[in-house]
1. Quick one: count up the residues across region 28-37 that are under 9 Å from Ile112 (Cα atoms) and outside any helix (DSSP H, G or I).
2. Check Ser140, Ser185, Ser149, Ser169 and return the single one that is among the polar types (S, T, N, Q) and at pLDDT 95 or above.
3. Mind checking which residues of region 3-17 are over 14 Å from Pro115 (Cα atoms) and free of Cβ contacts under 8 Å to residues at least 60 places away in the same chain?
4. For region 15-52, which positions are of a type outside the set (A, V, I, L, M, F, W, C) and in contact with a strand residue (DSSP E or B) (Cβ under 7 Å, 6 or more places away or on another chain)?
5. Find the residue count for region 165-196, including only residues that are assigned to a strand (DSSP E or B) and among the hydrophobic types (A, V, I, L, M, F, W, C).
6. Residues of region 38-83 being more than 19 Å from Arg6 (Cβ to Cβ), aromatic (Phe, Trp, Tyr) and either in contact (Cβ under 8 Å) with a residue 12 or more places away in the chain or assigned to a helix (DSSP H, G or I) (or both), which ones?
7. Please list, ordered by first then second residue, the pairs with beta carbon atoms under 9 Å, 6 or more apart or interchain, first in region 140-169 and of a type in the set (Phe, Trp, Tyr), second buried (at least 20 other Cβ atoms within 10 Å of the Cβ) and at pLDDT below 95.
8. Being aliphatic (A, V, I, L, M), over 16 Å from the mean Cα position of the chain (by Cα) and either assigned to a loop (DSSP other than H, G, I, E, B) or closer than 12 Å to Val179 by Cα (or both) is the filter here; which residues of region 131-164 pass it?
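The values are calculated or read from the model by the stated rules, or taken from the named source; none is laboratory data. Computed from a prediction, not measured in an experiment: that's the story for all the values here. For neighbour counting, all protein chains shown are included, and Cβ atoms are generated from backbone atoms with ideal geometry for every residue, glycine included.
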Amino acid sequence: MVHEERAALIEDLAVIEEAQWGTPSLCDGWTVHHVVAHLVDSARATRIGFVAGMVRAGFDFDRQNARGVERERAATPHETLARLRQVASRRSTPPAPLDSRLVEAVVHGEDIRRPLGLTRVYPLEAVVRALRLQTRTPESFGGAKKLASRVRLSATDTDLSIGHGPEISGTALALLLTVSGRRVSPDELAGPGVGR
(Lines give C-alpha, C1' and ligand atoms only; values in the text may rest on other atoms or scores of the structure.)
Protein backbone atom coordinates (compact mmCIF):
# COMPACT_ATOMS: atom_id res chain seq x y z
CA MET A 1 0.00 0.00 0.00
CA VAL A 2 2.86 2.38 0.79
CA HIS A 3 4.48 1.71 -2.58
CA GLU A 4 1.14 2.34 -4.29
CA GLU A 5 0.79 5.70 -2.53
CA ARG A 6 4.34 6.73 -3.39
CA ALA A 7 3.77 5.82 -7.05
CA ALA A 8 0.49 7.79 -7.18
CA LEU A 9 2.15 10.85 -5.68
CA ILE A 10 5.05 10.63 -8.14
CA GLU A 11 2.52 10.52 -10.97
CA ASP A 12 0.79 13.65 -9.65
CA LEU A 13 4.07 15.51 -9.13
CA ALA A 14 5.34 14.68 -12.61
CA VAL A 15 2.77 16.99 -14.22
CA ILE A 16 2.83 20.06 -11.95
CA GLU A 17 4.59 23.26 -12.98
CA GLU A 18 7.99 23.97 -11.48
CA ALA A 19 6.66 27.10 -9.73
CA GLN A 20 4.09 24.96 -7.89
CA TRP A 21 6.88 23.22 -5.98
CA GLY A 22 7.23 26.45 -3.99
CA THR A 23 3.58 26.31 -2.85
CA PRO A 24 3.21 26.27 0.96
CA SER A 25 2.15 22.79 2.06
CA LEU A 26 -0.10 21.91 4.99
CA CYS A 27 3.10 21.40 7.04
CA ASP A 28 3.91 24.73 8.71
CA GLY A 29 7.00 26.30 7.17
CA TRP A 30 7.42 23.67 4.45
CA THR A 31 6.73 24.02 0.74
CA VAL A 32 5.69 21.15 -1.50
CA HIS A 33 9.40 20.73 -2.34
CA HIS A 34 10.28 20.39 1.35
CA VAL A 35 7.62 17.72 1.94
CA VAL A 36 8.79 15.69 -1.05
CA ALA A 37 12.37 15.88 0.26
CA HIS A 38 11.08 14.70 3.65
CA LEU A 39 9.37 11.74 1.97
CA VAL A 40 12.67 10.83 0.30
CA ASP A 41 14.45 11.02 3.65
CA SER A 42 11.72 9.01 5.35
CA ALA A 43 11.84 6.30 2.67
CA ARG A 44 15.61 5.98 3.13
CA ALA A 45 15.29 5.68 6.93
CA THR A 46 16.52 2.54 8.64
CA ARG A 47 16.21 1.60 12.28
CA ILE A 48 19.89 2.13 13.02
CA GLY A 49 20.15 5.23 10.85
CA PHE A 50 17.16 6.81 12.57
CA VAL A 51 18.60 6.25 16.04
CA ALA A 52 22.02 7.58 14.95
CA GLY A 53 20.34 10.65 13.42
CA MET A 54 18.42 11.31 16.62
CA VAL A 55 21.65 11.17 18.62
CA ARG A 56 23.32 13.62 16.21
CA ALA A 57 20.27 15.90 16.48
CA GLY A 58 20.40 15.88 20.27
CA PHE A 59 17.15 13.85 20.36
CA ASP A 60 15.33 16.78 18.75
CA PHE A 61 12.87 15.21 16.28
CA ASP A 62 12.22 18.51 14.45
CA ARG A 63 15.95 19.12 14.04
CA GLN A 64 16.42 15.62 12.67
CA ASN A 65 13.58 16.16 10.17
CA ALA A 66 15.02 19.51 9.09
CA ARG A 67 18.43 17.93 8.50
CA GLY A 68 16.86 15.17 6.44
CA VAL A 69 14.98 17.68 4.29
CA GLU A 70 18.15 19.70 3.76
CA ARG A 71 20.05 16.56 2.79
CA GLU A 72 17.45 15.24 0.32
CA ARG A 73 16.14 18.49 -1.18
CA ALA A 74 18.00 18.71 -4.47
CA ALA A 75 18.83 21.92 -6.35
CA THR A 76 15.78 21.46 -8.59
CA PRO A 77 12.35 19.88 -8.10
CA HIS A 78 13.09 17.57 -11.04
CA GLU A 79 16.09 16.14 -9.17
CA THR A 80 14.14 15.74 -5.92
CA LEU A 81 11.38 13.93 -7.80
CA ALA A 82 14.01 11.63 -9.33
CA ARG A 83 15.21 10.85 -5.81
CA LEU A 84 11.67 9.98 -4.76
CA ARG A 85 11.37 7.64 -7.76
CA GLN A 86 14.60 5.92 -6.71
CA VAL A 87 13.35 5.18 -3.19
CA ALA A 88 9.66 4.54 -3.96
CA SER A 89 9.92 0.77 -3.59
CA ARG A 90 12.16 0.70 -0.53
CA ARG A 91 10.99 -1.38 2.42
CA SER A 92 13.24 0.05 5.13
CA THR A 93 11.66 1.74 8.12
CA PRO A 94 12.62 3.63 11.26
CA PRO A 95 11.92 1.95 14.63
CA ALA A 96 8.17 2.52 14.44
CA PRO A 97 5.08 0.45 13.65
CA LEU A 98 4.84 -0.40 9.94
CA ASP A 99 1.55 1.46 9.64
CA SER A 100 3.50 4.67 10.38
CA ARG A 101 4.60 4.36 6.72
CA LEU A 102 0.92 4.64 5.73
CA VAL A 103 0.51 7.72 7.92
CA GLU A 104 3.51 9.30 6.15
CA ALA A 105 2.26 8.39 2.68
CA VAL A 106 -1.36 9.46 3.11
CA VAL A 107 -1.00 12.52 5.35
CA HIS A 108 2.00 13.95 3.50
CA GLY A 109 0.25 13.13 0.23
CA GLU A 110 -2.55 15.44 1.35
CA ASP A 111 -0.05 18.01 2.67
CA ILE A 112 1.04 18.29 -0.95
CA ARG A 113 -2.16 17.68 -2.92
CA ARG A 114 -4.62 19.92 -1.08
CA PRO A 115 -2.67 23.18 -1.54
CA LEU A 116 -2.14 22.28 -5.22
CA GLY A 117 -5.84 21.55 -5.78
CA LEU A 118 -5.16 17.87 -6.51
CA THR A 119 -7.37 15.05 -5.24
CA ARG A 120 -6.85 11.35 -4.71
CA VAL A 121 -9.27 8.64 -3.70
CA TYR A 122 -7.12 6.69 -1.25
CA PRO A 123 -7.72 3.01 -0.59
CA LEU A 124 -9.96 3.02 2.47
CA GLU A 125 -7.93 0.28 4.16
CA ALA A 126 -4.79 2.43 4.05
CA VAL A 127 -6.60 5.43 5.55
CA VAL A 128 -8.29 3.37 8.28
CA ARG A 129 -5.04 1.67 9.29
CA ALA A 130 -3.30 5.06 9.46
CA LEU A 131 -6.17 6.54 11.50
CA ARG A 132 -6.14 3.65 13.96
CA LEU A 133 -2.38 4.04 14.48
CA GLN A 134 -2.61 7.82 14.97
CA THR A 135 -5.25 7.42 17.67
CA ARG A 136 -3.00 4.96 19.55
CA THR A 137 0.11 7.13 19.22
CA PRO A 138 1.02 9.69 21.92
CA GLU A 139 1.09 13.38 21.01
CA SER A 140 4.86 13.46 21.63
CA PHE A 141 5.20 11.24 18.54
CA GLY A 142 2.71 13.19 16.42
CA GLY A 143 -0.33 11.13 17.34
CA ALA A 144 -3.70 11.77 18.95
CA LYS A 145 -4.05 9.22 21.74
CA LYS A 146 -5.13 11.89 24.24
CA LEU A 147 -7.67 13.38 21.84
CA ALA A 148 -9.19 9.93 21.23
CA SER A 149 -9.73 9.61 24.98
CA ARG A 150 -11.85 12.81 24.97
CA VAL A 151 -13.92 12.52 21.76
CA ARG A 152 -15.44 9.79 19.61
CA LEU A 153 -14.28 9.80 15.98
CA SER A 154 -16.93 8.34 13.65
CA ALA A 155 -16.14 7.75 9.98
CA THR A 156 -19.00 8.45 7.60
CA ASP A 157 -17.56 6.34 4.77
CA THR A 158 -16.88 3.11 6.69
CA ASP A 159 -17.98 1.34 9.86
CA LEU A 160 -15.39 2.84 12.20
CA SER A 161 -15.74 4.55 15.55
CA ILE A 162 -12.77 5.30 17.81
CA GLY A 163 -12.62 6.96 21.22
CA HIS A 164 -15.06 8.13 23.85
CA GLY A 165 -16.92 11.38 24.36
CA PRO A 166 -18.66 13.92 22.12
CA GLU A 167 -18.75 12.76 18.52
CA ILE A 168 -16.77 14.13 15.58
CA SER A 169 -17.94 12.68 12.29
CA GLY A 170 -16.38 12.92 8.86
CA THR A 171 -14.72 10.78 6.26
CA ALA A 172 -11.87 8.59 7.48
CA LEU A 173 -9.48 10.84 5.54
CA ALA A 174 -10.79 14.04 7.16
CA LEU A 175 -10.52 12.41 10.59
CA LEU A 176 -6.98 11.20 9.86
CA LEU A 177 -5.88 14.68 8.81
CA THR A 178 -7.51 16.22 11.87
CA VAL A 179 -5.84 13.87 14.34
CA SER A 180 -2.56 14.48 12.50
CA GLY A 181 -2.78 18.21 13.25
CA ARG A 182 -3.96 19.37 9.82
CA ARG A 183 -6.77 21.83 9.27
CA VAL A 184 -9.62 20.61 7.12
CA SER A 185 -12.56 22.55 5.69
CA PRO A 186 -15.28 23.23 8.27
CA ASP A 187 -17.78 21.26 6.16
CA GLU A 188 -15.64 18.11 6.36
CA LEU A 189 -16.39 17.56 10.06
CA ALA A 190 -19.59 17.60 12.10
CA GLY A 191 -20.75 16.87 15.62
CA PRO A 192 -20.50 18.25 19.15
CA GLY A 193 -16.86 17.19 19.56
CA VAL A 194 -15.56 19.43 16.77
CA GLY A 195 -14.90 22.31 19.18
CA ARG A 196 -12.47 20.17 21.12
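1. The qualifying residues number 1.
2. On the way: Ser140 fails: at pLDDT 95 or above; Ser185 fails: at pLDDT 95 or above; Ser149 fails: at pLDDT 95 or above.
The conditions single out Ser169.
3. Glu11, Val15
4. So the first thing to find is which residues in region 15-52 are of a type outside the set (A, V, I, L, M, F, W, C), and the list is 17-18, 20, 22-25, 28-29, 31, 33-34, 38, 41-42, 44, 46-47, 49.
Matches in region 15-52: Gly22, Thr23, Pro24, Ser25, Thr31.
5. Restricting attention to region 165-196, the residues satisfying the condition of being assigned to a strand (DSSP E or B) are 167-170, 190.
If we keep only those that are among the hydrophobic types (A, V, I, L, M, F, W, C) as well, we get 168, 190.
Matching residues across region 165-196 total 2.
6. The one that is more than 19 Å from Arg6 (Cβ to Cβ), aromatic (Phe, Trp, Tyr) and either in contact (Cβ under 8 Å) with a residue 12 or more places away in the chain or assigned to a helix (DSSP H, G or I) (or both): Phe61.
7. Phe141/Ser100
8. At the first step, the residues of region 131-164 found to be aliphatic (A, V, I, L, M) are 131, 133, 144, 147-148, 151, 153, 155, 160, 162.
Now restrict to residues that are over 16 Å from the mean Cα position of the chain (by Cα): 147-148, 151, 153, 155, 160, 162.
Selection gives Leu147, Ala148, Val151, Leu153, Leu160, Ile162.
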